[in-house]
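Colleague: Structure incoming, see below.
The values are calculated or read from the model by the stated rules, or taken from the named source; none is laboratory data. Note that this is a predicted model, so its numbers are computed, not measured. Here the Cβ is made from the backbone with ideal geometry for all residues, glycine too, and neighbour counts use every protein chain on show. Surface accessibility is based on the protein's heavy atoms, side chains included, excluding ligands, DNA and RNA. Shrake-Rupley method; radii C 1.70, N 1.55, O 1.52, S 1.80 Å.
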Amino acid sequence: MSNAPLPDSSAVPANARPIVLQQPSAFGRYGKLLLILLGLSVMTIFGLVGAYQSYFSPPGGPQERYHSLSRNAENKIAIVTITDTIMEPDGFVKQQLDLIENDDDVKAVVLRINSPGGTVTASDYLYHHTREVVRKRELPLVISMGGICASGGYYIAMAVGDQEDTVFAEPTTWTGSIGVVIPHYDLSGLLESWKIQDDSIASHPNKLMGSPTRELTREQREEERELFQDLVDRSFARFRGIVLKGRPLLAGDEEKLAEATTGQIFTAQQAQELGLVDQIGFIEQAIERAAELAGLDTKEVRCIEYSEPPPSLSTLLAAKADAANRIAPDVRSLLDLTTPRAYYLCTWLPSLLSSQAR
């Protein structure tokens, strides 16, 4: 065993510092680089989420879907579709307009109309709100007519205003039918054969105007017709005024205006000759014109359209109940059918249409 003396601690220099071995980092020598990459990844994920939310609509309302042009472009041309008979104003069409009003990426609108028209009130409501959205957002509007764009459908098309080359009709489109109708049927003779008499009591004879079961003298019937004719004439005057706002060139040609507003249906070619339509073309040409008016290259814009959301369980149950009501109409449905209404509509049986149609 060695008897060497232990070193004296007092012999260590006073300025000497102990060396502490640093624990290795969890990221090693590349820790800072990994943190930077992690931050960039998080930012990318947030960007993708934002892009996803911008590309698709939230559930519960109309769903945005790609139609044509560039799939990845941020700027959009929105197609708003109006189909079938226009009976309920605050429905799918209004929901589409609401989406556009709150979507800053939409730079132009194409109104795709395939409708014979509908009630005066519903047609005017959609005309007004279409005008409001494009005015507030300062969006160019182009019309694309489908197989039929008549009466109330044409009324809504006049939301386009006086911008040139903005009303497109397909070669086989039927349009026009600029007029008003209040359906009225006289069933008093039929009830008489069944020995049924209308004995309704009202505050004034005019309260029952339009009743299909009331037997009238010739003087009473003439007076009633005059009252209804006045309602029709006033609604028709409004229709003509709307047409002149959208087709200002007709204002200087009274003969052509009179020919265009007889209630007649016109082919696309006839309508173009009368000035009711600007161009014969399909929806693709309408989209190109919308992009041009918005100052956009068609290679740098995405054209989208909206579809109705998939039905929920409550919607399916309501539809089932509605179908049952159609088979066995309740009192409310019967009263609805007998309610006098004015129509901007191209049909022979307007009063038999369901008020639940879009």
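Colleague: S123 passes all but one of (1) surrounded by 22 or more Cβ atoms within 10 Å (Cβ to Cβ); (2) out of contact with any strand residue (DSSP E or B) (no Cβ under 7 Å at 6 or more places or on another chain); (3) of a type in the set (S, T, Y); which number fails?
Modeller: With respect to (1) surrounded by 22 or more Cβ atoms within 10 Å (Cβ to Cβ); (2) out of contact with any strand residue (DSSP E or B) (no Cβ under 7 Å at 6 or more places or on another chain); (3) of a type in the set (S, T, Y), S123 is out only on (2).
Colleague: Restricting region 206-236 to residues that are acidic (D, E) and over 30 Å from H128 (Cα atoms), which is most open to solvent (accessible area, probe 1.4 Å)?
Modeller: Once the filter is applied, the top-ranked residue is E215.
Colleague: Tell me yes or no: at least one residue of region 165-174 is modelled with pLDDT of 95 or more, more than 13 Å from V110 (Cβ to Cβ) and of a type in the set (D, E).
Modeller: Yes, that holds for at least one residue.
Yes or no, residue by residue, for (1) assigned to a loop (DSSP other than H, G, I, E, B); (2) open to solvent by 80 Å² or more (accessible area, probe 1.4 Å); (3) at pLDDT below 70; (4) not hydroxyl-bearing (S, T, Y):
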site: G47; (1), (2), (3), (4): no, no, yes, yes
site: A51; (1), (2), (3), (4): no, no, yes, yes
site: S54; (1), (2), (3), (4): no, no, yes, no
site: R65; (1), (2), (3), (4): no, yes, no, yes
site: A78; (1), (2), (3), (4): no, no, no, yes
site: D90; (1), (2), (3), (4): yes, yes, no, yes
site: K94; (1), (2), (3), (4): no, no, no, yes
site: L97; (1), (2), (3), (4): no, no, no, yes
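Colleague: Out of the residues in region 260-306 meeting the condition of being free of Cβ contacts under 8 Å to residues at least 24 places away in the same chain and among the charged types (D, E, K, R), tell me which one is surrounded by the most Cβ atoms within 10 Å (Cβ to Cβ).
Modeller: Top of the filtered list is E288.
Colleague: Please state which of the following conditions T217 fails to meet, knowing it meets all the rest: (1) at pLDDT 85 or above; (2) closer than 25 Å to S235 by Cβ.
Modeller: Exception for T217: condition (2).
Colleague: While we're looking at this one, here's another question. Tell me yes or no: at least one residue of region 178-199 is under 23 Å from S151 (Cα atoms), assigned to a helix (DSSP H, G or I) and among the hydrophobic types (A, V, I, L, M, F, W, C).
Modeller: No, region 178-199 contains no residue that is under 23 Å from S151 (Cα atoms), assigned to a helix (DSSP H, G or I) and among the hydrophobic types (A, V, I, L, M, F, W, C).
Colleague: Run down V133, V160 and say which single residue is open to solvent by less than 40 Å² (accessible area, probe 1.4 Å), of a type in the set (A, V, I, L, M), closer than 16 Å to Y306 by Cβ and modelled with pLDDT of 95 or more.
Modeller: Among V133, V160, only V133 is open to solvent by less than 40 Å² (accessible area, probe 1.4 Å), of a type in the set (A, V, I, L, M), closer than 16 Å to Y306 by Cβ and modelled with pLDDT of 95 or more.
Colleague: Quick check: is even one residue across region 237-259 of a type outside the set (F, W, Y), over 30 Å from A78 (Cα atoms) and open to solvent by less than 30 Å² (accessible area, probe 1.4 Å)?
Modeller: Yes: one or more hits.
Colleague: While we're here: For region 175-205, which residues satisfy the criterion of being surrounded by 21 or more Cβ atoms within 10 Å (Cβ to Cβ) and either under 19 Å from A268 (Cα atoms) or without any contact (Cβ under 8 Å) to a residue 60 or more places away in the chain (or both)?
Modeller: T175, G176, S177, I178, G179, listed by residue number.
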